[in-house]
1. How far, in degrees from 0 to 90, does helix A:216-241 lean away from the longest principal axis of the Cα atoms of chain A, to the nearest 10?
2. With r as the distance between the Cβ atoms of residue B:401 and residue A:329 and R0 = 60 Å, compute the FRET efficiency 1/(1 + (r/R0)^6) and round to 0.05.
3. In the range B:344-421, which chymotrypsin sites (Phe, Trp or Tyr not before Pro) fall in coil by DSSP and have 15 or fewer other Cβ atoms within 10 Å?
4. Which far-off residues, 5 or more places away or on another chain, put their amide H under 5 Å from the one on residue A:75, with H placed in the peptide plane?
5. Please name which of B:316, B:19, B:145 has its Cα lying farthest along the dipole of chain B towards the positive end, using unit charges on Cβ (Lys, Arg +1; Asp, Glu -1) and the Cα centre as origin.
6. Within 10 Å, count the other beta carbons around each residue, average over each peptide in A:242-253, A:140-151, A:64-75, and list them highest first.
7. Using the charge dipole of the protein assembly as shown (Lys, Arg: +1 at Cβ; Asp, Glu: -1 at Cβ; taken about the Cα centre), state which of A:257, A:45, B:301 has its Cα farthest towards the positive end.
8. Order of A:89-100, A:177-188 by packing, highest average Cβ count within 10 Å first?
Amino acid sequence: MDYSTDLLNALVLITNYVLIPSISYGSQLALGAVGVTLVFGILRFANFAHGEMMAFGTMATIFITWWFQSMGVSMGVFPTALLALPFAILITTLLAVAIDRSVFSFYRASKSKPVTFVVASVGVMFMLNGLVRILIGTDEIIFRDGQKFLIKAGAFKKMTGLSEGLALKQTQVLTFVLAVIAVLALFWFLQRTRTGKAMRAFSDNEDLALLSGINPELVVMVTWIIAASLATLAGVLYGLDKSFKPMVYFHLLLPIFAAAIVGGIGQPLGAILGGYVVAFSEITATYAFKKFIKYIAPSDFAPEGLTQFLTTEYKFAVSFFILVLVLLVRPTGILRGRVL
Amino acid sequence: MLTIVGFGQSWNVALAIFNLCLISAVMSMGLNMQWGYAGLFNAGIMASTAIGGLTAMLISYSPVTKAWSVGGTSLSAALISLLLTIVAGILVWKKMAKGSKRSWSMTAVVLIGYAFIRFFYEEATFAIEAVDPAKTGFLGGLGLPILFSWLAGGLAAAGLAWLIGRIALGLRSDYFAIATLGISEIMISILKNEDWLSRGVKNVTGLARPVPYEVDLQQAEWFKNLVQWFYGTADDGSAVSADIMREAMQLSAGVFVKLCYSALFVTVVLIILGLATRALNSPWGRMMRAIRDNETAASAMGKDITSRHRQVFIIGSAVIGISGAMLTTLDGQFTPGSYIPLRFTFLIWVMVIIGGSGNNLGAIIGAFITWFVWIEAEPSALWLVSQINVFLAESNPLRQHLQEVAPHMRMVLMGLIMVLVLRFRPKGILPEEAPDHY
């Protein structure tokens, strides 16, 4: 076997185990982080209930998917969950707006400190957490159907003659495509429409925005609608890609916050960047490079251990490490966000 | 309320709840210092609790000499390389001029240091974890009395808090909350995975107790006499039968042990309450509240906000660390898997919010109420479900589902209570009172 095949093998290896998972995981984080960052920009508090909102949206999707499946409705090669998604988004947005009306609007009217909002969001987190568990239980649920792989590892090996396989799951492609569509739609909305411009103005300077006759309640409502929709989308994509487990969604909160802060809080574009940064570092730091080094290094050299920077259990330590690093070196984030 | 449980369920249950209430009270007093006095949003309470628990385990468990002999040297080597790396890093940072050269040297130092640490560390952990893995497989502790660990747990938590404070304080509240949340998660995953230190999810059980064991009690002569005296005569004045007596012995041994714990815990609660109240009413407490209410003004008066925040954060964390050590003492085991943020971080928040932030007595009352509701919500929910289930057929899937998920009712209940209190009584049950000597 000559060296160029080795290099190709190494490349495929990295693509399969680092590149593709990072891109899909990064897209999921990015969607979540955009929601967090928007709420932060407009309402000016870190929403601790965001992870649970994702769980709720996913749960709604699963219920509707089951209902569709029981009626025999499906989308062929695509997962049925995609069909259920719009309805679930509708339900989740209604919930988010209802929560805002019943909980957060009071503190807005009384001009409370941001910390009060955060504490209230912890209360909301508790409620949603319990609600999701009551409705669907705590078990792991796999609700993916349709075609699983676009490229199978075995078929790829046969096709190229390489010894490393490359598998591409349909959900990974779906995640990326849907994330791109959602983000493009969001940016079009923020840049081109009246309400979107009002939102940006509100985020920049609340008093000036109020003076120029922007309706704050409308802006807040639209923010919640967008945040809830993106949360549902992110949650469903994550659930399709892996599986749905209420516990996991709570733990997603940390990487999502990290992504939002790393990118510069209040900056949707930054949140997307941050999502990918966090995902790439998490997966790279916990990937065992042993095989990779074997391919690219001279043939007689093989590393002894797994050459893994960190064991997989410390995944979220990575996102936190990046978070701290950014806070210390550049507190405003990659794109200059709001300084807190 | 507890009396009702005592008569309704059993005195053992009531006292078990009472003991946990006391521990929760210590936790919520700790958080109350951070949030109520100084307005710090600490979302990493669990980290302090866990490190308190870890300390309790490390202090009381007897050392595993074999593990020390096989892994001690390489572990020390790993530690020394860590220290050397830090020193080298600091030297590079201080001595070299700012620029790309310094960045590269820094990276090199960190990477080389990391390689060395990793090498010795893996050797050490592998050796240690291989020592009788079914029973030990970790370094063990110091073998000191566990009561001593309450103090040590507080100190350890204070040390951790200092480290967290170095990183996270000085950020705005939301960032601080996120940072502390992250640190506590990392802390727990370290405890779960570093088997050489804490046996990870395999747990450490059978920690020594500061109070007598039930079995020993039932053998002790003085205890027999005590029970005899308590239960000695039936209603009609005659002596009770041996069977009833034996049952009474078992019951009262359990109650007695729990009462011993309660006595210890009450002492701690009272000491901390006394100190905390004094601190709150002292000039220091006044300064803390001034900083909380208006940072700009306090800073204009010459107060160093960040270092004051760090101070109160460390003290509060130390108190929570003590409670963590108390909890591990009560359980008699250290189970890293049982630390979950909802229970150990956010539930404490509910306690402080309900009780009244800034009021120590309020924090205690909040802890009692919250813990009581948290525990009793489960049987109540099950009862409620069983009432509904009367109308459902035996085979109805909904019925089974309800039975399974009933315990989660308490999450919703907690959230609801928290949101309602925050909305309609934001100062809590016992509002903060302004000291009269302004």
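1. 20 degrees
2. Details: r = 50 Å, r/R0 = 0.83.
According to the calculation, E is roughly 0.75.
3. Numbers: sites: B:344, B:346, B:349, B:368, B:371, B:372, B:374, B:383, B:391; in loops: B:391.
Of the chymotrypsin sites (Phe, Trp or Tyr not before Pro), the ones in loops of the range B:344-421 whose Cβ has at most 15 other Cβ atoms within 10 Å are B:391.
4. A:80
5. B:316
6. Highest mean packing first, the order is A:242-253, A:140-151, A:64-75.
7. Farthest towards the positive pole: B:301.
8. Numbers: A:89-100: 19.4, A:177-188: 15.3.
In decreasing order of mean packing, A:89-100, A:177-188 become A:89-100, A:177-188.
FYI, it's all coordinate maths here, none of it is from the lab. Bear in mind that the values here come from a model prediction, so they are computed numbers and not experimental data. Using ideal geometry, Cβ is built from the backbone for each residue, glycine included, and neighbour counts are taken over all protein chains shown.
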